[in-house]
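Below is one structure; the comments refer to it alone.
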Amino acid sequence: MTLKDLMKILPAYTTVHVHDKEGEFAYVGNPHDFVVGAYKSVANNLITMCVPIAPYRVEVVIQG
């Protein structure tokens, strides 16, 4: 599943923390930010891990 695919199914009020395994970059936003293309450079990356970290907060690790 790609990051963009996941963002399409998450509720809009969810806060998403996205980063890669190496910690080279990190983004925080809501799913709408990712779907409309605010982070086009990582939208098609595959998801390695997706973990809920608090109510309405999700941590996503993608392949960098």
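The values are calculated or read from the model by the stated rules, or taken from the named source; none is laboratory data. All values reported here derive from a predicted model rather than from experimental measurement. FYI the Cβ positions are ideal-geometry reconstructions off the backbone, even for glycines, and counts take in every protein chain you see. The area values use the complete protein model at the heavy-atom level, side chains included, leaving out ligands, DNA and RNA. Shrake-Rupley method; radii C 1.70, N 1.55, O 1.52, S 1.80 Å.
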Margin query: Given the options V60, T2, Y13, identify the residue whose Cα lies farthest towards the positive end of the charge dipole of the chain (+1 on Cβ of Lys, Arg; -1 on Cβ of Asp, Glu).
Written below: Y13
Next item on the list: Please list the non-local residues whose amide H lies under 5 Å from the amide H of D20, H modeled 1.01 Å from N, same-chain partners needing a gap of 5 or more.
Entry: F25, I62
Item checked: the chain - accessible surface per residue (Å², probe 1.4 Å) -> 61 Å²
Next item on the list: Hey, can you grab everything whose amide H is under 5 Å from the amide H of R57? Only 5+ residues off in sequence or another chain; H modelled, so Pro and N-termini drop out.
Entry: T15
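Using the Cα centre of the chain as the reference point, and only Cβ charges (+1 on K/R, -1 on D/E), how large is the resulting charge dipole? Debye, rounded to the nearest 20. Before the final figure, lay out each step's value.
Numbers: 5 positive and 6 negative charges, 38 e Å.
In debye, rounded to 20, the chain gives about 180.
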Checklist line | For segment 5-18, 3J(HN,Hα) per residue [Karplus equation, 6.51 cos²θ - 1.76 cosθ + 1.60, θ = phi - 60°, Hz, x = Gly/Pro] | finding: 4, 5, 5, 5, 9, 7, x, 5, 8, 7, 9, 10, 10, 10
Notebook entry, point to check: Order of 16-29, 44-57 by packing, highest average Cβ count within 10 Å first?
Noted result: 16-29, 44-57
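Can you give me the % of accessible surface on the chain that is carbon or sulfur? Probe 1.4 Å, all protein chains present, nothing else counted. Numbers along the way, then the final one.
Numbers: 2130 of 3920 Å².
Accessible surface attributable to carbon and sulfur in the chain totals 54 percent.
Restricting to Cα pairs below 8 Å that are 6+ residues apart, what does the relative contact order work out to for the chain? Please round to a whole percent. Before the final figure, lay out each step's value.
Values: 117 pairs, mean separation 25.5, N = 64.
40 percent.
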Item checked: Phi-based couplings in Hz for segment 51-61 (Karplus 6.51, -1.76, 1.60; Gly and Pro marked x) -> 10, x, 10, 5, x, 6, 10, 10, 9, 10, 10
Checklist line | Residue-wise HN-Hα coupling along segment 26-36, computed from phi with Karplus coefficients 6.51, -1.76, 1.60 (Hz; x: Gly, Pro) | finding: 8, 10, 10, x, 9, x, 4, 4, 6, 5, 7
